[in-house]
1. Hey, does region 206-223 have a residue that's within 20 Å of LEU117 (Cα to Cα) and assigned by TED's automatic domain parsing to the domain that holds GLU169?
2. How do the pairs read when you match residues in region 77-99 that are in contact (Cβ under 8 Å) with a residue 24 or more places away in the chain with residues anywhere that are among the small types (Gly, Ala, Ser) and assigned to a strand (DSSP E or B), using Cβ under 7 Å and keeping only pairs 6 or more apart or on different chains?
3. Which number in (1) of a type outside the set (D, E, K, R); (2) farther than 22 Å from ALA111 by Cα; (3) touching a Phe, Trp or Tyr at 6+ places or on another chain (Cβ under 6 Å) marks the one condition that LEU218 misses?
4. Residue under question is ARG115, and the condition is that it be in the same structural domain as ILE68 (by TED's automatic domain parsing), closer than 23 Å to PRO7 by Cβ and part of a loop (DSSP other than H, G, I, E, B); does it hold?
5. For region 1-31, which positions are more than 13 Å from GLN80 (Cβ to Cβ) and either in a helix (DSSP H, G or I) or touching a residue at least 24 places away in the same chain (Cβ under 8 Å) (or both)?
6. Can you name the residue in region 123-149 that is hydrophobic (A, V, I, L, M, F, W, C) and more than 16 Å from ARG242 (Cβ to Cβ) and, of all such residues, is nearest to the chain's Cα centre (by Cα)?
7. Among the residues of region 58-90, count how many are over 19 Å from ALA34 (Cβ atoms) and in a strand (DSSP E or B).
Amino acid sequence: MGEVRPPICDYEGSDYQRSFWDEGGRSYEDQVEAIALQRLLPKSGNLLLELGAGAGRNSPRYTGFKHIVLLDYSLTQLEQAQKRLGRDERYIYVAGDIYRLPFVDGLFDTATMIRVLHHMAEAPRALGEVRRVLQKDAIFILEYASKHHLKAILRYLLHRQTWSPFSLEPVEFAALNFDFHPAAVRQWLAACGFRVERTLSVSHYRLPFLKRMLPLKLLVKMDAYAQLTGAWWQLTPSVFTRNRAVDLQPEPQSRSTSSRICLDEIISSNQLRQRLFRCVQCSHHPLDEGLEALICPVCGSTWPVTDGIYDFRAG
């Protein structure tokens with residue numbers, strides 16, 4: 001029997017960027033997340049992987065990185081990102097599955113996953129795959145939706161919800177929408193080879209009536225100060241962590257790991273693209289370049305390249 005693949009939350013054809021962010025009254029959330037990201041992100045780097053990049057909302061914030069790989073399962077989201085960011089050679093657009101990343105081992109020096117983990121039915125499996133493609137000592141910025149926030153605790157104590165915010169298991173409050181306990185996420189990160197270096201609690205004032213009563217600038221400033229309490233407790237619906245990749249597992253004896261990229265040797269975006277990918281079916285690296293496709297010379301799998309977007313979703 002073949003591998004059982006976890007379900008995917010697919011935003012194909014969605015107007016998420018416009019309806020949720022641009023016109024959805026989420027300026028507060030966007031600005032406080034930008035502050036958290038700025039605090040945790042390295043000032044510079046060679047190659048950053050943005051997991052669940054969507055329409056590229058956060059991509060312009062990675063100013064100190066030479067190359068940025070935007071990965072999302074939705075081709076239409078990446079098309080929106082490409083329209084927003086243009087054909088700048090810094091950006092590489094990849095349609096793919098986080099559970100089966102199409103990249104060689106130990107490749108990236110930084111990765112971000114913001115507003116994505118809550119769609120992962122098998123979160124530890126996803127985190128393990130992220131660790132596989134990161135270099136030792138790489139930085140991984142993770143945001144996740146917490147079940148242990150103040151509103152959930154109060155609702156539970158008042159018997160207005162059945163699930164406990166204190167238990168470690170995830171709660172699926174809607175299809176493929178999960179909240180996690182911070183202690184559980186810390187356990188998963190450690191098991192996957194990450195050391196949590198810093199934690200920020202974010203979106204303290206997300207309540208609609210506060211947004212109506214207080215100016216946006218004041219709310220953002222208040223949250224910027226309150227984020228620092230994440231070092232002691234996490235009682236907000238959103239939590240950011242800065243994690244360092246450690247404890248590399250023994251490398252499997254495969255052709256994919258025998259050709260690890262040395263970024264110092266990369267002198268052009270074209271060279272980087274040629275050495276970036278591995279086959280998600282058999283893990284072979286490198287792939288051959290065909291006419292508007294990448295082809296695995298071992299298993300014959302073909303991965304289309306459509307208008308500058310590498311598509312590794314099939315198969």
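1. yes
2. Once the first residue is in contact (Cβ under 8 Å) with a residue 24 or more places away in the chain and sits in region 77-99, its partners that are among the small types (Gly, Ala, Ser) and assigned to a strand (DSSP E or B) give LEU78/ALA95.
3. So the condition that LEU218 fails would be (3).
4. For ARG115, the condition - in the same structural domain as ILE68 (by TED's automatic domain parsing), closer than 23 Å to PRO7 by Cβ and part of a loop (DSSP other than H, G, I, E, B) - is met.
5. If the condition is that a residue be more than 13 Å from GLN80 (Cβ to Cβ) and either in a helix (DSSP H, G or I) or touching a residue at least 24 places away in the same chain (Cβ under 8 Å) (or both), then ARG5, PRO6, PRO7, ILE8, CYS9, ASP10, GLY25, SER27, TYR28, GLU29, ASP30, GLN31 are the ones that fit.
6. ALA126
7. Number satisfying all stated conditions: 5.
Quick grid of which residues meet (1) closer than 30 Å to HIS181 by Cβ; (2) modelled with pLDDT under 65; (3) of a type in the set (Asp, Glu):
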| site | (1), (2), (3) |
| --- | --- |
| ARG206 | yes, no, no |
| ARG212 | no, no, no |
| LEU218 | no, no, no |
| MET222 | yes, no, no |
| PRO237 | yes, no, no |
| ASP264 | no, yes, yes |
| HIS285 | no, no, no |
| ASP288 | no, no, yes |
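The values are calculated or read from the model by the stated rules, or taken from the named source; none is laboratory data. All values reported here derive from a predicted model rather than from experimental measurement. Note that each Cβ is placed from the backbone with ideal geometry, even for glycine, and that neighbours are counted across all protein chains shown.
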